[in-house]
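Take a look at the structure set out below.
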Amino acid sequence: MVVSLKTVARLLGPAILFTGIIAMIPATVAVVNSTPGAFGFFSVTGLSVAIFYLLRIYSRGHKLTITLREMFLFTASLWFSITMLSAIPFWIMLDDISYCESLFEAASGLSTTGATAINHLNIRPPSILLWRSMLQYLGGLGFVVIAVAVLPNVASGGMNIFKTESTSFDISAKLTPHIKTMAFYFLALYLFLLIACTICYMLGGLDFFLAITSALSTVSTGGMMILDESMTFMPPAVHYTAIVFMIIGSLPFLLILAAISGNLSLLYKDQQVRAFIKIIAVCTAVVTATLFFQNDYDFEKAFRVALFNIVSVISTSGFALEDFASWNETASFVFFIILAIGGCSSSTSGGIKVFRLVVAMSMFKAQLFKSLHPHSVSMPRFNSNIVGSDTLRSIITYFVAYILALLISSFAATSLGLTLSDSFSASMTCLSNVGPAMGPTLTPAGNFAGLSDPLYLIFAFDMILGRLEIIPVILCMTSIFWRK
């Protein structure tokens with residue numbers, strides 16, 4: 001067979017076991033606080049151990065040689081299997097949601113989409129709320145990066161391992177040729193940001209549990225708060241803290257590490273970072289003006305809620321601070337336009353990514369110039385370097401795949417009873433891992449509770465599809481992947 005399933009099984013086993021070990025953290029919280037829920041997490045641990053040993057028996061004695069196809073299959077299998085495992089505590093502990101709703105909740109957390117199907121979060125057990133927050137944090141950096149850093153053998157796939165989880169990963173920008181070392185640097189930076197964000201939230205007036213769960217949601221650009229009202233009633237200091245860390249989480253981790261190492265110029269000279277900041281600045285200025293002149297907000301509040309929501313959407317965090325779809329038509333248009341953009345490549349953000357948009361715009365300008373000067377040599381550039389044909393083809397392929405996935409998902413959701421605007425905005429927000437939809441029923445101030453089970457399955461699939469940037473999952477579903 002062109003793809004070795006035993007190789008995939010050998011890689012998958014330790015990663016699934018790692019998930020079972022992580023589940024012991026909320027289980028311990030449930031036991032210590034004498035609250036219900038420990039059984040749900042012990043079930044995840046027990047099932048993870050059983051799957052690990054079954055996969056180990058299946059792959060016993062197999063020589064580990066990893067091809068790119070096996071890495072793609074490993075990544076897709078890892079995300080879908082961990083999503084199914086992570087849904088178990090929601091299903092066992094919460095009597096009012098089905099397993100399909102639990103899958104949606106787990107997929108939303110792991111993909112850092114931040115949409116929720118659970119009502120009355122304020123009265124749910126602390127252990128399940130912690131689990132939701134932890135899933136976002138684990139999914140934000142990416143399971144493959146974590147697996148490379150902490151698990152044996154997984155790093156043997158080389159630099160291409162990162163390409164299986166993010167097709168916009170800039171392989172030429174690596175800091176070190178040692179993949180495991182670089183993954184460890186990523187993980188160390190991620191942990192540092194979590195600690196710093198938690199401390200800042202506590203200084204802003206939050207208690208430790210709310211601060212740590214909010215930080216888990218912020219640093220991962222997940223946006224799944226443990227409160228129904230999300231960020232609405234938080235003090236301004238908390239809003240500004242969230243803005244700072246959402247922006248940091250949306251920047252390329254490679255460049256952040258380079259800046260920490262002393263190469264600060266690499267960060268502000270990067271074309272996608274400059275474009276990302278410009279988009280935030282322009283959109284914030286427009287929305288602030290509309291709130292100040294049309295909605296009679298005072299300037300500080302207009303600026304704060306505009307900046308917060310713009311950063312929340314473009315970083316694909318999806319925190320809620322008022323219903324921005326009800327402000328005014330101009331603001332609604334701005335938010336709809338940026339709904340699919342996302343942050344920078346090699347960040348925790350989802351979406352199309354600013355990197356692709358910058359290259360696409362450069363390609364557009366080059367083609368316009370060539371239309372006027374047919375014999376000229378005009379090539380798309382990124383950071384003053386000519387963009388290779390492989391990168392251009394990859395970007396075009398992604399855009400086509402994104403549009404097709406959006407149309408198919410929207411059609412399926414509409415066929416299952418959603419209105420066209422609800423279907424389209426929900427599919428877009430799930431594919432882009434943003435969180436809030438902008439339909440008449442599924443609004444930024446609401447949630448995804450009350451949908452049918454088939455809709456939950458569609459949107460859960462959309463979220464994982466978007467988190468893996470579509471191509472790896474589609475590849476595993478094609479016949480060409482499975483033949484020579």
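The values are calculated or read from the model by the stated rules, or taken from the named source; none is laboratory data. Being a predicted model, the structure only gives us computed values, none of them experimental. Please note: Cβ atoms are built from the backbone with ideal geometry, for glycine as well, and neighbour counts cover all protein chains shown. Side chains included, ligands, DNA and RNA excluded: accessible areas come from the protein's heavy atoms. Shrake-Rupley method; radii C 1.70, N 1.55, O 1.52, S 1.80 Å.
Evaluate the stretch 199-216: report whether one residue or more is on the phi > 0 side of the Ramachandran plot, open to solvent by 20 Å² or more (accessible area, probe 1.4 Å) and at pLDDT 90 or above.
Start the filter on the stretch 199-216 by keeping residues that are on the phi > 0 side of the Ramachandran plot, which leaves 205.
Now drop any that are not open to solvent by 20 Å² or more (accessible area, probe 1.4 Å), which leaves 205.
Now restrict to residues that are at pLDDT 90 or above: 205.
Scanning the stretch 199-216, I find at least one residue that is on the phi > 0 side of the Ramachandran plot, open to solvent by 20 Å² or more (accessible area, probe 1.4 Å) and at pLDDT 90 or above, so the answer is yes.
Here's the yes/no breakdown for (1) out of contact with any Lys or Arg (no Cβ under 9 Å at 6 or more places or on another chain); (2) not in a helix (DSSP H, G or I):
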site	(1), (2)
GLY318	yes, yes
ALA325	yes, no
ALA331	yes, no
PHE336	yes, no
ALA340	yes, yes
SER362	no, no
ALA366	no, no
MET379	yes, yes
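Exactly one residue among MET428, MET438 is in a helix (DSSP H, G or I) and in contact (Cβ under 8 Å) with a residue 60 or more places away in the chain, and that residue is MET428.
Just to verify a result, which residue in the stretch 341-362, among those that are touching a strand residue (DSSP E or B) at 6+ places or on another chain (Cβ under 8 Å) and open to solvent by 10 Å² or more (accessible area, probe 1.4 Å), is farthest from GLY140 (Cα to Cα)? This residue is SER362.
Based on this model, can you work out whether LEU254 counts as farther than 15 Å from PHE335 by Cβ, in a helix (DSSP H, G or I) and either over 24 Å from the mean Cα position of the chain (by Cα) or modelled with pLDDT under 90 (or both)? The answer is yes for LEU254.
Take the residues in the stretch 419-441 that are of a type in the set (A, V, I, L, M, F, W, C) and buried (at least 24 other Cβ atoms within 10 Å of the Cβ), then tell me which one is nearest to GLY223 (Cα to Cα). Write out each step before concluding.
Start the filter on the stretch 419-441 by keeping residues that are of a type in the set (A, V, I, L, M, F, W, C), which leaves 420, 424, 426, 428, 430-431, 434, 437-438.
Add one more test, that the residue is buried (at least 24 other Cβ atoms within 10 Å of the Cβ), and what stays is 426, 430-431, 434, 437.
Details: ALA426: 16, CYS430: 13, LEU431: 16, VAL434: 9, ALA437: 14 Å.
Only one residue fits best here, namely VAL434.
Here is the figure for the stretch 291-336: residues that are among the hydrophobic types (A, V, I, L, M, F, W, C) and under 19 Å from the mean Cα position of the chain (by Cα) total 9.
Of the residues making up the stretch 118-135, those that are buried (at least 24 other Cβ atoms within 10 Å of the Cβ) and either of a type in the set (A, V, I, L, M, F, W, C) or on the phi > 0 side of the Ramachandran plot (or both) are ILE128, TRP131, LEU135.
A search for C-beta distances below 7 Å between a residue of the stretch 230-244 that is closer than 13 Å to SER315 by Cβ and any residue that is in a helix (DSSP H, G or I) and open to solvent by 20 Å² or more (accessible area, probe 1.4 Å), counting only pairs 6+ apart in sequence or on different chains, returns ILE243/LEU307.
With respect to PHE308, determine if the residue is in contact (Cβ under 8 Å) with a residue 12 or more places away in the chain and under 30 Å from SER345 (Cβ atoms). When the stated conditions are applied, PHE308 passes them. Filtered by the rule that a residue be out of contact with any strand residue (DSSP E or B) (no Cβ under 8 Å at 6 or more places or on another chain), open to solvent by less than 90 Å² (accessible area, probe 1.4 Å) and not aromatic (Phe, Trp, Tyr), the stretch 374-390 gives PRO374, SER376, SER378, ASN383, GLY388, SER389.
Give the residues of the stretch 449-469 that are in a loop (DSSP other than H, G, I, E, B) and buried (at least 21 other Cβ atoms within 10 Å of the Cβ), sorted by residue number. Listed by number, the residues that qualify are LEU451, LEU468, GLU469. Looking at VAL29, is it over 23 Å from the mean Cα position of the chain (by Cα) and buried (at least 20 other Cβ atoms within 10 Å of the Cβ)? Criteria met by VAL29. Looking for something open to solvent by 30 Å² or more (accessible area, probe 1.4 Å), closer than 24 Å to GLY318 by Cβ and touching a residue at least 24 places away in the same chain (Cβ under 8 Å) - is there at least one such residue anywhere in the stretch 63-77? No, the stretch 63-77 contains no residue that is open to solvent by 30 Å² or more (accessible area, probe 1.4 Å), closer than 24 Å to GLY318 by Cβ and touching a residue at least 24 places away in the same chain (Cβ under 8 Å). For the stretch 270-298, the set of residues classified as at pLDDT below 95, in contact with a Leu (Cβ under 9 Å, 6 or more places away or on another chain) and closer than 16 Å to ALA331 by Cα consists of TYR297 only.
Sort out which residues of the stretch 312-340 are crowded, with 24+ Cβ neighbours inside 10 Å and not hydroxyl-bearing (Ser, Thr, Tyr), and write them in order of number.
Pass one, the stretch 312-340, residues crowded, with 24+ Cβ neighbours inside 10 Å: 312-320, 324, 331.
Result: VAL313, ILE314, GLY318, PHE319, ALA320, PHE324, ALA331.
Looking at (1) among the aromatic types (Phe, Trp, Tyr); (2) more than 23 Å from VAL473 (Cβ to Cβ); (3) open to solvent by 20 Å² or more (accessible area, probe 1.4 Å), find the lone condition where PHE80 falls short. Of (1) among the aromatic types (Phe, Trp, Tyr); (2) more than 23 Å from VAL473 (Cβ to Cβ); (3) open to solvent by 20 Å² or more (accessible area, probe 1.4 Å), only one is false for PHE80: (2).
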